[in-house]
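These notes concern the structure reproduced below.
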Amino acid sequence: MTDTPSEAPPHFPSREEILRFIADHPGEAGKREIARAYGIKGSAKILLKRILKELAAEGLVAKRGKRLIRPDDLPPVFVMLLTGHDAYGDLVGEPQNWDPETQGEAPRLTVLADRRRVEGPAPGVGDRVLVRVADAPPGMEVERVARVIKVLDRKPQAVLGIVRHLPEGGARILPVDKKARSEYLVDAAHLEGAEDGDLVSIETGRSHHRFGLPRARVLERIGSMKSERAISMIAIHTHGIPYIFPREVLEEAEAAGPATLEDFREDWRAVPLVTIDPPDAKDHDDAVHAAPDTSPDNPDGFIVHVAIADVAAYVRPGSALDREALKRGNSVYFPDHVVPMLPERISTDLCSLKPGVDRPALGVRMIFAADGRKKSHSFHRVLMRSAAKLAYAQAQRAIDGTTDEVTAPILDTILTPLWAAYACLKKGREAREPLDLDLPERKILLTAEGLVDRVYVPERLDAHKLIEEFMIQANVAAAETLEQKKVPLLYRIHDTPGMEKLESLREFLQTIDISLPRTGNLRPAAFNRILSRVVDSPNAHLVNEVVLRSQAQAEYAPENIGHFGLNLRRYAHFTSPIRRYADLIVHRGLIRALHLGPGGLPDGAEAKLPLIGMEISSCERRAMLAERNTIDRLIALWLSDKVGATFDGRIGGVTKVGLFVTLDDSGADGFVPAASLGADFFVYDESTHALIGKSSGETFRLGDAVRVRLLEAAPFAGALRFEILSDGRREKPAGRRPDLVRAERRGRSGPPRGRGGPKRR
């Protein structure tokens, strides 16, 4: 190690002492705090910086904003799901958003509730709570506990189950939750017409006989287990997503009336704004317009208008609507329906920017130079009237030369200027070089009965990119304005990738002869150069997927660390207040900052923003899991009558217990147990992400194309199990290497052993 500088304190901390200090101050220790604690001054700070850089490179510490943590440390405040009791009867829980693939087994902490601070009944198993990590009280065997700050959601009292009629009458209810301890009996009088095999919601806790199963009654008949609605309801209940609006919320929404030009509103009804959305969209919360800038000071520049539904006009701070919106955090989108953040009276009626109807909005007017650089912007509270409602493909067809009765009259006056402005803004985007991943999203097309018809990947159009870039620029403008006015806000932040994930990505890329720089300030452009090397190659989708996994997860917070993926210094969500609570907070901030009338951010709100940011970030991840679980279950159900069929796919994951395969045609993921591969012994080589035959050298590596047969489909779990039919590549036998984990395989001619592994998430 380099000699200690002359300005170093008498005792410069060792690496072990620095790590201990970071461990003792999780989420609170930064370079400045370490220097202050050990009296490090002057040029000695250079040595401290060097040591911290070495620790990060070795994966021993990670950065969270300007703070340092150990990679497996919990943040000081986080959302926890209460999962059960320990041997002493105390509640225990796990972090709700823990990712076992990248973080290992989730930590379990004993939970203590402070009855002086937590309102309402004491928290219980199944509740979702906000907790703070603290030292355990004297006498406890554990060192650290989680103290409840707030109960976010109580466990739903209803249970979902499948009806199985009994010969003697009544029915047995099989809960869909695998953790359920018991089945239930329902008398015939309380079945509410549910048929055998139906998914139902039941009320439990009714009195039952001393012996036998507990009794229940059917609250709601959801329908056949083969329908999309039934499968999405499983996700809703599993993840505790609120889906029934309280009466007071609905009454408040119904009492709202249309907005007028009062309350400091400008008249934008003559501006020909249009909405461009998916064809099945029910709410339209953003409208756009563009025109060439006629100012001689801005040759070839453009003026862009973006108008966003003024939800703050109806959802006031502290109201029943506001409390419910915060509880939900965001809307949740399933293949054939939406669980909205706001009641339909607000989301699809009063706030939806319908064509030809006056609607209140917050508008931003942005001026762009010819090179795509934004020169200025201003926000306005307006009354607008949409000139047309368009679908993405419909607008694109018009630009490409095929108009219809809606697009023909507005092609030259509205659509062509929009595309010209997008060409201008695209120059600025290309200069900024955001992370450019190419990961098409799977879409499920349903039949009229709610069953899967087919799985497809929709084409990515310029119409999509136009709206996306206009919205990004509006979001940046919102963050800039609130910063300038010194009004608190929730940023949309995206941290730089962690050292551990980068090292894993680097090892993977080496297996396909691509290098990732080890030094320097890594920017999105470095990833884009890697992605450009694999365009149109067999590894293209895989490399995009692995690069995505290496990225941090975006979240909401009042402290700004920038947005790495978009390569932006400041960014906030402003453009979707109908479906995201974060955007509503930003709207209120703009109303307060610019004195735009009632409904602004109240005084003292800044103290609540850290907790609100954590809550809605948790709600967002909850929604993503529910949406993904529903798609997985629907695809597994769709493939359940194709057991025995063969498919082409690609190895998308390798573990010591087997392979994960992604099918080419549907994007469905399934597992191949290592024990079912063949007669050889296989070992797992972590550095090459491969299973290698000990004797034969037969190798199955991440990214390899394979042919598989479907052996089992489990719709409830959303899991598929495959058998590999194609041979692996031939490489050097693995031999007996102590650093590799062996996985025994049976012959391909025999039946697969076991039921397969867990589905990749």
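Screening the candidates R397, R432 for the property of being surrounded by 14 or more Cβ atoms within 10 Å (Cβ to Cβ), at pLDDT 95 or above and among the charged types (D, E, K, R) yields one hit, R397. Any residue that is loosely packed, with under 14 Cβ neighbours inside 10 Å and in a loop (DSSP other than H, G, I, E, B) - is there at least one of those in the range 404-415? Yes, the conditions are met somewhere in the range 404-415. Scanning the range 581-603 for residues that are closer than 23 Å to L152 by Cβ and open to solvent by 40 Å² or more (accessible area, probe 1.4 Å) yields one hit, P602.
Only one entry in R549, R518, R492 is charged (D, E, K, R) and open to solvent by less than 60 Å² (accessible area, probe 1.4 Å), namely R492.
Here is a yes/no grid of residues against (1) small (G, A, S); (2) assigned to a helix (DSSP H, G or I):
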residue	(1), (2)
R518	no, no
A525	yes, yes
N528	no, yes
H541	no, yes
I578	no, no
I591	no, yes
P598	no, no
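Within the range 445-458, take every residue that is open to solvent by 60 Å² or more (accessible area, probe 1.4 Å) and touching a residue at least 60 places away in the same chain (Cβ under 8 Å) and give me the one that is nearest to I276 (Cα to Cα). Applying the filter and picking the extreme gives V457.
Listed here are the residues, each with its yes/no results for (1) in contact (Cβ under 8 Å) with a residue 24 or more places away in the chain; (2) not small (G, A, S).
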position	(1), (2)
R247	no, yes
A256	yes, no
W268	yes, yes
V271	yes, yes
D286	yes, yes
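The number of residues in the range 722-733 that are in a strand (DSSP E or B), buried (at least 18 other Cβ atoms within 10 Å of the Cβ) and either small (G, A, S) or touching a Gly at 6+ places or on another chain (Cβ under 8 Å) (or both) comes to 1. For the range 131-138, does any single residue satisfy the condition of being surrounded by 14 or more Cβ atoms within 10 Å (Cβ to Cβ) and either closer than 23 Å to L326 by Cα or modelled with pLDDT under 75 (or both)? Yes, that holds for at least one residue.
Within the bounds of the range 127-136, is there any residue that is touching a Ser or Thr at 6+ places or on another chain (Cβ under 9 Å) and under 16 Å from P95 (Cβ atoms)? Yes; the residues of the range 127-136 include at least one that is touching a Ser or Thr at 6+ places or on another chain (Cβ under 9 Å) and under 16 Å from P95 (Cβ atoms). Of the strands (runs of 3 or more DSSP E) lying entirely inside the range 438-504, those containing at least 2 residues that are modelled with pLDDT under 95 and over 30 Å from I514 (Cα atoms) are 443-446, 452-456. Against the conditions (1) open to solvent by less than 30 Å² (accessible area, probe 1.4 Å); (2) without any contact (Cβ under 8 Å) to a residue 40 or more places away in the chain; (3) not aromatic (F, W, Y), S227 satisfies every one except (2). Looking only at residues in the range 162-183 that are in contact with a Leu (Cβ under 7 Å, 6 or more places away or on another chain) and at pLDDT 90 or above, the one that is surrounded by the most Cβ atoms within 10 Å (Cβ to Cβ) is A171. Return the residue satisfying two criteria in turn: it lies in the range 264-306 and is within 18 Å of S378 (Cβ to Cβ) and of a type in the set (D, E, K, R), and of such residues it is modelled with the lowest pLDDT. The qualifying residue modelled with the lowest pLDDT is R265. Tell me, which strands (runs of 3 or more DSSP E) lie completely within the range 619-721 with 2 or more residues that are at pLDDT 90 or above and either open to solvent by less than 20 Å² (accessible area, probe 1.4 Å) or hydrophobic (A, V, I, L, M, F, W, C) (or both)? Correct list: 646-655, 658-663, 669-673, 690-693, 698-701, 705-714. In this structure, does N544 turn out to be closer than 22 Å to E686 by Cβ and in contact with an Asp or Glu (Cβ under 8 Å, 6 or more places away or on another chain)? Spelling it out, N544 is indeed closer than 22 Å to E686 by Cβ and in contact with an Asp or Glu (Cβ under 8 Å, 6 or more places away or on another chain). Filtered by the rule that a residue be of a type in the set (S, T, Y) and under 23 Å from the mean Cα position of the chain (by Cα), the range 651-678 gives T662, S666. For L342, the criteria (1) in contact (Cβ under 8 Å) with a residue 12 or more places away in the chain; (2) within 23 Å of A626 (Cα to Cα); (3) out of contact with any Lys or Arg (no Cβ under 9 Å at 6 or more places or on another chain) hold in every case but one, which is (3). Tallying residues that are in a loop (DSSP other than H, G, I, E, B), at pLDDT 80 or above and surrounded by 14 or more Cβ atoms within 10 Å (Cβ to Cβ) within the range 4-26 yields 2.
The values are calculated or read from the model by the stated rules, or taken from the named source; none is laboratory data. Fair warning: this is a prediction, and the values are worked out from it, not measured in the lab. With ideal geometry, Cβ positions are generated from the backbone for all residues, glycine too; neighbour counts draw on all protein chains shown. Side chains are part of the model used for accessible areas, which takes the heavy atoms of the whole protein and leaves out ligands, DNA and RNA. Shrake-Rupley method; radii C 1.70, N 1.55, O 1.52, S 1.80 Å.
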